[in-house]
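The values are calculated or read from the model by the stated rules, or taken from the named source; none is laboratory data. Keep in mind that this is a model prediction, so the values were computed, not measured. Ideal geometry is used to build each Cβ from the backbone, glycine not excepted, and the neighbour counts take in all protein chains shown.
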């Protein structure tokens with residue numbers, strides 16, 4: 001295993017940031033640590049990097065116990081949310097930093113920097129300063145800087161958290177491609193479910209310092225371990241005793257079959273590629289259904305209409 | 001805040017007028033009085049043995065105080081901003097002491113400690129080291145009064161740059177020393193430079209504390225500010241102006257060098 005954690009605990013004063021986490025990250029994988037703010041995901045990453053020390057527990061990198069090893073010698077590359085660019089250095093010197101402090105020969109450094117700048121698409125930018133780059137470019141520079149020292153594992157702390165939505169989407173696709181090319185074991189912290197789903201092989205879902213579920217994106221989405229995970233990964237509606245995804249709800253104008261639940265349409269929202277139908281359930285409570293525009297057109301729903309809900313294989317049974 | 005055009009001109013006139021009356025005019029008059037004697041008289045006044053001795057003593061003391069306070073100031077700022085030790089607040093308060101205590105009291109307290117009857121002075125004199133009425137005491141006094149400047153300039157810059165760049169350097173394999181030399185120091189360089197200029201100016205011009213611990217012995221423990229005073233009270237006004245002009249010129253040079261080398265527009 002590239003990274004393994006056993007029963008790791010870390011408190012800040014009375015606040016338990018990480019509360020007994022055990023975790024294994026496979027060699028060459030891209031794993032996402034996903035959770036809301038305060039779930040301990042960034043702390044976990046900083047513990048692995050050695051930027052924080054755990055109160056107890058074991059951490060190993062590449063099979064070697066890491067706790068007695070300072071961050072300098074853990075063989076990690078770390079990328080910070082706010083880039084942590086060396087503002088007084090050119091892009092070239094930023095990327096060369098890890099090699100320069102290792103006193104590598106100048107020619108080797110020059111070659112490696114050129115190579116990395118080409119990989120991250122910043123070849124023409126070597127003599128610029130971080131302040132002359134866009135946010136996305138700064139983060140790609142930070143990634144090149146972290147990769148320069150050939151780390152055993154790459155740790156990314158909300159790497160796209162400070163970027164605009166469209167740059168975010170573009171960069172995460174790019175990151176996945178880069179990972180497929182380089183194959184460096186990568187652990188990425190994010191609070192964005194969509195980002196984790198799109199990029200990662202494996203998703204670790206954290207809540208209040210504890211692991212709620214670990215699995216491939218499809219599995220955690222389709223078979224969430226509990227209500228909280230289901231609600232965290234996407235919108236849900238409560239119908240009777242069950243939690244249901246809005247896209248698993250279908251609507252009919254006639255109550256054929258006995259499982260159907262009666263509801264009144266309170267609003268129809270056209271969102272382009274999908275239509276959201278907001279409903280008031282006859283038994284009390286609200287729900288909503290997500291339909292394709294074609295489905296919605298066929299039903300010709302309007303506010304006040306009575307419809308009957310059914311849902312395909314129910315997901316989680318509520319306690 | 002937006003200011004109308006006439007108001008802006010008014011504010012400028014007030015600011016410049018205030019500075020002219022308090023600063024430019026008096027200092028300018030010192031230079032005017034100096035050069036009114038003619039260049040040969042100025043040269044003669046600057047090259048008396050007492051003046052030459054005072055000039056070098058002033059420069060030496062200032063140089064030592066600046067180096068000591070630069071090293072101390074950076075270490076102290078790091079301890080204040082990056083340290084985790086309890087009682088940092090106490091350090092924070094102590095650093096202000098030279099700002100709030102009159103230099104005369106600094107001089108007196110040094111005599112109490114290091115003087116012939118002082119509790120540490122007796123032991124030192126017994127070992128052949130004289131602090132009071134000799135340069136070591138003058139250096140101590142100067143270091144004391146110019147102590148806060150570097151700390152006070154560097155600490156806020158350290159706080160502003162944060163720790164992320166230093167952490168990034170650590171994850172990239174840099175030792176603490178490498179991180180300091182390659183990341184922290186370049187990041188604080190303008191704050192540090194400004195602190196050094198202020199320390200230099202204060203060290204060059206210190207009068208009260210140095211007067212008390214030096215004994216003001218011409219040719220031995222007399223700095224330029226003390227020379228100005230001595231000449232003034234000996235009715236050598238022209239000589240006092242000349243020494244004063246030299247002192248002012250050194251300080252202005254230090255400030256100009258700093259301003260010319262700093263690209264940071266906020267400092268200009």
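A few notes on this one:
- Of all residues in the range A:226-261, those being farther than 22 Å from residue A:194 by Cα and loosely packed, with under 14 Cβ neighbours inside 10 Å number 8.
- Test: residue A:267 is within 30 Å of the chain's Cα centre (by Cα) and not assigned by TED's automatic domain parsing to the domain that holds residue A:197: no
- Options B:140, B:110, B:158: the member that is within 19 Å of the chain's Cα centre (by Cα), assigned to a helix (DSSP H, G or I), farther than 14 Å from residue B:69 by Cβ and in contact (Cβ under 8 Å) with a residue 24 or more places away in the chain: B:110
- Failed criterion for residue A:183 (all others in (1) more than 29 Å from residue A:226 (Cα to Cα); (2) under 15 Å from the mean Cα position of the chain (by Cα); (3) touching a residue at least 40 places away in the same chain (Cβ under 8 Å) hold): (2)
For every residue, the table says whether it meets (1) buried (at least 21 other Cβ atoms within 10 Å of the Cβ); (2) free of Cβ contacts under 8 Å to residues at least 60 places away in the same chain; (3) more than 24 Å from residue B:143 (Cβ to Cβ).
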site: B:208; (1), (2), (3): no, no, no
site: B:214; (1), (2), (3): yes, no, no
site: B:220; (1), (2), (3): no, no, no
site: B:235; (1), (2), (3): no, yes, yes
site: B:238; (1), (2), (3): no, no, yes
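- Out of A:11, A:37, sole residue that is surrounded by fewer than 21 Cβ atoms within 10 Å (Cβ to Cβ) and within 15 Å of residue A:157 (Cβ to Cβ): A:37
- Yes/no for residue A:63 being in contact with a strand residue (DSSP E or B) (Cβ under 9 Å, 6 or more places away or on another chain), over 30 Å from residue A:114 (Cα atoms) and more than 8 Å from chain B (Cβ to nearest Cβ): yes
- Residue within the range A:32-45 that is within 14 Å of another protein chain (Cβ to nearest Cβ) and over 22 Å from residue A:182 (Cβ atoms) present: yes
- Selected residue (only one of A:54, A:130 is touching a helix residue (DSSP H, G or I) at 6+ places or on another chain (Cβ under 8 Å), more than 14 Å from chain B (Cβ to nearest Cβ) and surrounded by 15 or more Cβ atoms within 10 Å (Cβ to Cβ)): A:54
- Every test in (1) surrounded by fewer than 22 Cβ atoms within 10 Å (Cβ to Cβ); (2) free of Cβ contacts under 8 Å to residues at least 60 places away in the same chain is passed by residue A:160 save one, and that test is (1).
- Hits in the range B:154-181 - residues which are at the interface with chain A (Cβ under 7 Å from one of its Cβ atoms) and more than 14 Å from residue A:87 (Cβ to Cβ): B:167, B:170, B:171, B:172, B:173, B:174, B:175, B:178
- Residue check, residue A:24 in contact with a strand residue (DSSP E or B) (Cβ under 9 Å, 6 or more places away or on another chain), surrounded by 22 or more Cβ atoms within 10 Å (Cβ to Cβ) and part of a strand (DSSP E or B): no
- Residue among B:142, B:184 that is farther than 23 Å from residue B:101 by Cβ and either within 11 Å of chain A (Cβ to nearest Cβ) or buried (at least 23 other Cβ atoms within 10 Å of the Cβ) (or both): B:184
- Residue check for residue A:107: at positive phi and either in a helix (DSSP H, G or I) or within 11 Å of chain B (Cβ to nearest Cβ) (or both): no
- Qualifying residues in the range A:72-98 (those that are within 14 Å of another protein chain (Cβ to nearest Cβ), surrounded by fewer than 22 Cβ atoms within 10 Å (Cβ to Cβ) and not in a loop (DSSP other than H, G, I, E, B)) - the one farthest from the chain's Cα centre (by Cα): A:93
- Hey, residue A:101 farther than 25 Å from residue A:172 by Cα, crowded, with 18+ Cβ neighbours inside 10 Å and away from every other protein chain (no Cβ under 14 Å) or not: no
- Some residue of the range A:137-153 being surrounded by fewer than 16 Cβ atoms within 10 Å (Cβ to Cβ), in contact with a helix residue (DSSP H, G or I) (Cβ under 8 Å, 6 or more places away or on another chain) and more than 14 Å from chain B (Cβ to nearest Cβ): no
- Among the residues of the range A:65-87, the ones that are without any contact (Cβ under 8 Å) to a residue 40 or more places away in the chain and under 19 Å from residue A:130 (Cα atoms) come to 0 in all.
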